[in-house]
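The values are calculated or read from the model by the stated rules, or taken from the named source; none is laboratory data. On a predicted model such as this, the values are computed, not experimentally measured, just so you know. Here the Cβ positions follow ideal geometry from the backbone for every residue, glycine too, while neighbour counts run over all protein chains shown.
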Amino acid sequence: MWEMGSQEDAALVRRGYEAFIAGDMDTLRELFADDIVWHAAGTGELAGDKKGPDAVLAYFGELASRATGSLKVTLEDVAPGDRYTVGIQSNHAERNGRTLDQRQVVVFSISDGKVTEAREMLEDTALGADFWS
């Protein structure tokens with residue numbers, strides 16, 4: 001049985017996905033701690049740590065821009081835990097005549113009702129790096 005806090009964290013992650021999918025960056029900003037660190041997976045141009053809400057939202061904007069409107073994220077499940085809340089998603093994007101379809105896991109750290117850290121884990125990191133670069 002999960003603690004109530006983990007259920008609240010799962011609800012926060014679901015709200016974040018809903019906001020991302022809807023393009024509601026204002027709601028996303030509200031869910032992020034001021035010192036959030038988003039670890040973008042891989043070794044491509046977009047990989048690395050994004051520090052602060054502005055940097056995280058700029059990263060999301062760059063993904064959307066590079067996918068020229070084709071980026072589609074589908075939340076498959078949220079797994080709440082004692083220390084982390086995990087979002088399991090599938091991604092679809094088209095870019096330069098190529099298509100990317102793969103699963104991704106994002107491990108969220110949440111404190112005081114805000115996302116403090118997120119770590120992406122891609123199904124195929126090399127494929128993702130190649131596609132986005």
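Leu57 meets all of the listed conditions (1) out of contact with any helix residue (DSSP H, G or I) (no Cβ under 8 Å at 6 or more places or on another chain); (2) aliphatic (A, V, I, L, M); (3) assigned to a helix (DSSP H, G or I) but one, namely (1).
Within the stretch 94-119, if we keep just the residues that are under 26 Å from Thr68 (Cβ atoms) and of a type in the set (S, T, N, Q), the residue that is surrounded by the most Cβ atoms within 10 Å (Cβ to Cβ) turns out to be Gln104. Can you find even one residue in the stretch 121-128 that is hydroxyl-bearing (Ser, Thr, Tyr), under 19 Å from Trp38 (Cβ atoms) and at pLDDT 95 or above? Within the stretch 121-128 (the criterion being hydroxyl-bearing (Ser, Thr, Tyr), under 19 Å from Trp38 (Cβ atoms) and at pLDDT 95 or above), the answer is no, since none of the residues qualifies.
Kindly indicate whether any position in the stretch 73-83 is aliphatic (A, V, I, L, M), farther than 27 Å from Gly5 by Cβ and modelled with pLDDT of 95 or more. Taking every residue of the stretch 73-83 in turn, none turns out to be aliphatic (A, V, I, L, M), farther than 27 Å from Gly5 by Cβ and modelled with pLDDT of 95 or more. The numbered conditions (1) in a strand (DSSP E or B); (2) under 23 Å from Ala11 (Cα atoms); (3) free of Cβ contacts under 8 Å to residues at least 40 places away in the same chain are all true for Asp49 except (2). Across the stretch 63-93, which residue is surrounded by the fewest Cβ atoms within 10 Å (Cβ to Cβ) among those that are of a type in the set (S, T, N, Q) and part of a strand (DSSP E or B)? If we take residues in the stretch 63-93 being of a type in the set (S, T, N, Q) and part of a strand (DSSP E or B), then Thr74 is surrounded by the fewest Cβ atoms within 10 Å (Cβ to Cβ). In the condition set (1) at pLDDT 95 or above; (2) closer than 17 Å to Arg119 by Cα, Thr27 is compliant with all but (2).
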